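Presented below is the structure to which this report refers.
The values are calculated or read from the model by the stated rules, or taken from the named source; none is laboratory data. Only a predicted model underlies this, so the values are computations on that prediction, with no experimental measurement involved. Cβ: placed from backbone, ideal geometry, glycine included. Neighbour counts: every protein chain shown.
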Amino acid sequence: MCGRYALTSPPEALAKLFAAIGALPNFPRRYNAAPSQALPIVRRTPRPGRELALARWGLIPSWSKGPDSRFSMINARAETVAEKPAYRGAFRHRPCLVPANGFFEWQAAKGGKQPYYFSLKSGEPFAFAGLWEHWIGAGGDEIESFTIIVTDANDCVAPVHQRMPVILHMQDHARWLGEDDAPTRERLALLRPLPADEMQCWPVSKKVNSPANDSPDLLEAEADLLGP
DNA sequence: CCAGACGTTGTT
DNA sequence: GTCTGG
DNA sequence: CCAGACGTTGTT
DNA sequence: GTCTGG
């Protein structure tokens, strides 16, 4: 699963890395991004090209009566995303990249849950596979939202949690976004766990538990819990 | 036909 | 909107 | 994902 | 326990 992540690269760096063109939205460095918040995604523009845009984390299906949290879906299962009513249309027509520098998972243990931070060994920002949606309310209000696709944990994440977000390799971004017109099965084939040897992980402070905390120290390793 | 759902996770 | 269940 | 709330009335 | 808010 994935219910919290970090995005510390600035808009200019992300636009360059993910080949987004046009006006850049403004957003601060985030060390503890949480559902319901406005966060950047990368998606296709009506013309050929990609753009960086802000959207609310928690996909609101277009048929939903409102931005009700019961229909605000923060994760979609890779195994069923192409068929589920809430995601099928977005899977075909509204894929997106969700830029991140790392993500958190919680390990259930005696005495409470211990959070861990996961990132790439390369230290580079990366993209989760996501879907976005455009919701228009009865009063004409509009919300753009997104969800992050999840799959089985790899051997890096498995000791902490059984599920993890899908992280795409740079060379697969175009296919996920549908820019090469690949058939559905080839887009689905991208929704696999990233190889474990490309990732690193360490325990972090429980300060990350509260979404109100959002500071650089949340990403620092908690020395007490590192191995001998 | 209409009504109701439409999602994920873990349960130490 | 679209599918499943009754 | 976790934290925190979880209620009613009448009031300008 | 269960729901909402961030």
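A few comments on the model shown:
- Residues that are of a type in the set (Lys, Arg), within 16 Å of DNA strand E (Cβ to nearest atom) and surrounded by fewer than 19 Cβ atoms within 10 Å (Cβ to Cβ), drawn from segment A:34-79: A:LYS65, A:ARG70
- Filter pass, A:PRO193 being in a loop (DSSP other than H, G, I, E, B), at pLDDT 95 or above and not acidic (Asp, Glu): yes
- Against the test of being under 23 Å from A:GLY58 (Cα atoms) and either under 14 Å from the mean Cα position of the chain (by Cα) or hydroxyl-bearing (Ser, Thr, Tyr) (or both), the options A:GLY102, A:GLY178, A:GLY139 yield a single qualifying residue, A:GLY102.
- Of all the residues in segment A:37-77, those that are over 13 Å from the mean Cα position of the chain (by Cα), among the hydrophobic types (A, V, I, L, M, F, W, C) and modelled with pLDDT under 95 number 3.
- Condition check for A:GLU144: within 24 Å of A:LEU17 (Cβ to Cβ) and at pLDDT below 95: yes
- A:LEU194 meets all of the listed conditions (1) closer than 26 Å to A:LEU59 by Cα; (2) surrounded by fewer than 19 Cβ atoms within 10 Å (Cβ to Cβ) but one, namely (2).
- Residue match in segment A:80-88 (condition: surrounded by fewer than 22 Cβ atoms within 10 Å (Cβ to Cβ) and either within 24 Å of A:PRO211 (Cα to Cα) or modelled with pLDDT of 95 or more (or both)): no
- Residue within segment A:13-36 that is of a type in the set (S, T, N, Q) and at pLDDT below 95 present: yes
- Condition broken by A:VAL208, with the remaining ones in (1) more than 14 Å from DNA strand B (Cβ to nearest atom); (2) modelled with pLDDT of 95 or more; (3) part of a loop (DSSP other than H, G, I, E, B) satisfied: (3)
- Qualifying residue in segment A:99-106 (condition: out of contact with any Gly (no Cβ under 7 Å at 6 or more places or on another chain) and among the small types (Gly, Ala, Ser)): yes
- Subset of segment A:131-189 (residues that are in a loop (DSSP other than H, G, I, E, B) and of a type in the set (Val, Ile, Thr)): A:VAL157, A:VAL160, A:VAL166
- Selected residue [closer than 30 Å to A:SER205 by Cβ, among the charged types (D, E, K, R) and modelled with pLDDT of 90 or more] from A:LYS121, A:LYS110: A:LYS121
- Any hit, segment A:23-33, residues being within 11 Å of DNA strand B (Cβ to nearest atom) and within 28 Å of A:ASP152 (Cα to Cα): no
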